[in-house]
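Asks: One structure, as structure tokens, below. Some questions next.
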Amino acid sequence: MTTTPISYGARLRQLAAARGDAEAVRFLPAEGEEQSLSWAGLDAMADRYAHALLARGVAQGDVVAFALGNIPAHLALALAVWRIGATTLVLDPGIKPETAAAMKARSGAALLVGQGAGLGDISLTEFEALAASLPATPVEDRVPAPGKIVLSGGSTGLPKMMCDDRPFIRVPGASWGRVAPRLGFQCDQTQLVCGAMSHNAPFTWAQNGLFEGNRLVLMERFDALRALRAIDRHGVGFAMLVPTMMVRMIDRLAESGATLESLHALYHTGAPCAAWLKQSWIDVLGAARVTEMYGSGENTGQTTITGAEWLDHQGSVGRGFETEIRIYGPGGRLQPTGAPGEIFMRPDDLSGRSHYTGPDAPAPERDADGFQSIGDVGWLDAEGYLYLGGRRDDVINTGGVKIHPETVEAVLLRAPGVGDAVVFGAEDREWGQKVIACLVPKEGAALDEAALRAFCLERLGPQEVPKSFRICETLPRDGFGKIRRKALRAEFAEAG
């Protein structure tokens with residue numbers, strides 16, 4: 001295998017030439033029959049889309065925004081954008097038209113493709129019709145710089161935009177340096193993609209999978225039972241999940257009949273994972289097959305931890321991987337071992353950091369030595385293992401006691417009949433903030449507030465027990481399973 005970095009478009013061309021009609025993508029639509037897309041078919045699709053982009057006036061260096069769901073067109077359009085040397089900006093397919101228009105203006109995008117009519121400059125149907133009318137000839141592969149504009153996880157207002165200006169090229173076999181093998185990622189394997197590719201992590205891992213010759217099992221919509229059965233039926237070796245998915249899958253595992261024998265790596269990220277949940281998966285798969293990474297879209301650095309390490313450091317997200325970590329307390333004081341504070345990280349390779357871009361791009365929050373914060377709090381143990389305490393903005397101050405909502409959520413998710421839970425602080429005249437829990441019951445279950453409160457009192461401190469329980473049909477989670485806590489808090493305040 002070559003050690004020369006190449007573009008994603010050029011790599012697809014290599015794989016299509018070598019593999020032809022072999023399956024590249026197995027698509028599991030929300031409704032209807034499964035579909036198969038070959039390496040040659042994906043390459044041809046990317047060329048057709050590239051011709052359509054060029055016909056719409058998109059040039060090398062331009063930004064192309066698109067709001068598509070987890071469908072093969074998402075994969076092909078990104079590859080087409082990169083093939084002509086342009087930059088991707090992926091948006092949620094459920095985005096409001098006015099917000100999409102604002103993001104197009106903010107990014108300076110030359111084109112916005114929407115999955116449905118009325119969103120963006122052109123619908124996917126219109127775009128595909130244009131592509132079908134143009135010659136199906138190979139398009140010259142160019143190198144984009146940057147390859148992607150990545151959005152922050154902001155839940156109110158327009159998100160921040162970040163990018164890495166270096167040429168968007170990778171070395172086959174090492175698309176993400178040493179960190180991917182550390183997490184159990186392999187080349188030439190079958191890989192499950194069940195998180196929304198409108199978010200950077202699922203998008204990145206899906207495209208890196210294709211770059212490394214992986215066959216993707218792409219789910220249009222996450223369904224726990226279907227995901228478990230798909231792992232067995234398609235021989236999935238690598239799956240990236242978030243804790244919300246892990247909860248739903250562990251609840252349906254026995255019903256699914258899945259053995260998960262092919263799954264050599266369950267890698268999870270995106271949110272803190274409750275200790276009981278992680279232990280449950282280690283019990284099922286064994287410690288060697290469970291890995292975790294903590295990082296951010298800003299590429300400030302990362303931690304990794306294996307299942308075996310976690311058993312000796314329960315609750316940790318690992319040690320810095322090619323990354324140094326500092327914990328700062330009030331007044332910018334460096335915290336000693338075990339003392340909580342704000343997490344600052346510095347990667348060994350500073351050139352890999354992303355920078356904020358666009359109008360009103362904020363300055364990064366860094367210390368004099370280049371260690372950067374993204375607003376999370378935590379602490380280090382004596383061996384350098386990091387433990388998370390949640391987001392700086394999410395900590396609840398109730399009666400002078402600091403409460404981390406993730407701690408309460410982890411307990412509630414174990415309560416009988418609870419299918420999903422989110423906790424936040426609401427303004428209160430007496431307490432300053434009071435702890436509010438919004439819960440979604442499992443199918444057919446009835447939740448009793450007195451029973452929930454008793455369950456919490458056995459496992460939490462008295463100040464951590466929610467003052468109010470609200471039963472909801474759904475919770476505002478994004479396509480990657482992350483909770484939009486700020487949006488829920490604002491909605492609660494508006495409702496009074």
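Asks: Report the full-extension gain for the segment Y356 to I471: residue separation times 0.36 nm, less the Cα-Cα distance, to one decimal in nm.
Replies: Value of the extension gain: 37.6 nm.
Asks: What number, rounded to the nearest 500 deg cm²/dmol, is the helix-based mean residue ellipticity at 222 nm of the chain, given -39500 (n - 2.57) per DSSP H run of at least four residues and division by all its residues?
Replies: Here the helix-only value at 222 nm equals -9000 deg cm²/dmol.
Asks: Next question. Please report, for the Cα atoms of the stretch 405-482, the Rg to one decimal and the Dmax as a whole number; what are they, in angstrom?
Replies: Here Rg and the maximum Cα pair distance are 12.3, 37 Å.
Asks: What distance in nm separates the simple spin-label points at T99 and A490, each placed 7 Å from Cα in the Cβ direction?
Replies: The answer from the label model is 0.9 nm.
Asks: Within 14 Å, Cβ to Cβ, of A16, how many net charges do the neighbouring residues add up to if Lys/Arg are +1 and Asp/Glu are -1?
Replies: +1
Asks: With only alpha-carbon atoms in the gyration tensor, what are the semi-axes of the equivalent ellipsoid for the stretch 272-391, in Å, largest first?
Replies: Rounded to whole Å, the semi-axes are 27, 17, 12.
Asks: Same structure, new question: How charged is the neighbourhood of S175? Take every other residue with its Cβ under 10 Å from the Cβ of S175, and add Lys/Arg as +1 and Asp/Glu as -1.
Replies: Here the charged neighbours net out to +1.
Asks: How far apart, in nm, are the 7 Å Cα→Cβ label points at E427 and W276?
Replies: Spacing of the two 7 Å Cα→Cβ label points: 3.4 nm.
Asks: Residue separation times 0.36 nm, minus the C-alpha to C-alpha distance between A117 and V179: what's the value?
Replies: Here the answer is 18.3 nm.
Asks: Under a plain spin-label model, where a point goes 7 Å from the Cα along Cα-to-Cβ, how far apart in nm are A59 and D312?
Replies: Going from the A59 label point to the D312 one covers 5.8 nm.
Asks: What translational diffusion coefficient, in µm²/s and rounded to a whole number, does the Stokes-Einstein relation yield for the chain at 4 °C and a viscosity of 1.567 mPa s, taking the hydrodynamic radius as the Kirkwood radius over Cα pairs?
Replies: Translational D for this selection: 55 µm²/s.
Asks: Next question. Considering only DSSP states other than H, G, I, E and B, which trypsin sites (Lys or Arg not before Pro) in the stretch 170-227 qualify as loop sites with at most 15 other Cβ atoms within 10 Å?
Replies: In loop regions of the stretch 170-227 (DSSP not H, G, I, E or B), the sparsely surrounded trypsin sites (Lys or Arg not before Pro) are R178, R221.
Asks: Can you give me the three principal axis dimensions of the stretch 1-172 from its C-alpha atoms, in Å, biggest first?
Replies: Principal axes ranked by extent give 46, 40, 29 Å for the Cα atoms.
Asks: I need to check one value: relative contact order of the chain, counting alpha carbon pairs closer than 8 Å and at least 6 residues apart, in percent.
Replies: 11
Asks: Which shape class, rounded, prolate or oblate, goes with the stretch 362-464 when its Cα gyration tensor gives a ≥ b ≥ c as root eigenvalues, a/c under 1.5 marks rounded, and past that a/b bigger than b/c marks prolate?
Replies: Note, shape of the stretch 362-464 comes out prolate.
Asks: Now for a different question. Which trypsin sites (Lys or Arg not before Pro) in the stretch 256-364 sit in a loop by DSSP (not H, G, I, E or B) and have at most 11 other Cβ atoms within 10 Å of their own Cβ?
Replies: Of the trypsin sites (Lys or Arg not before Pro), the ones in loops of the stretch 256-364 whose Cβ has at most 11 other Cβ atoms within 10 Å are R333.
Asks: Here's a follow-up. May I have the pair-distance distribution P(r) for the stretch 6-53, computed from all Cα-Cα distances with 5 Å bins from 0 and rounded to whole percent?
Replies: Answer for the stretch 6-53: a P(r) of 5, 22, 23, 22, 16, 9, 3, 0 percent.
Asks: Additional query: On full extension of the chain, what length is gained from E458 through A136, given 0.36 nm per residue of separation minus the C-alpha to C-alpha distance?
Replies: 109.4 nm
Read-outs throughout are calculated quantities, based only on the coordinates presented, and are distinct from any laboratory measurement. These numbers come from a predicted model, not from an experiment. FYI the Cβ positions are ideal-geometry reconstructions off the backbone, even for glycines, and counts take in every protein chain you see.
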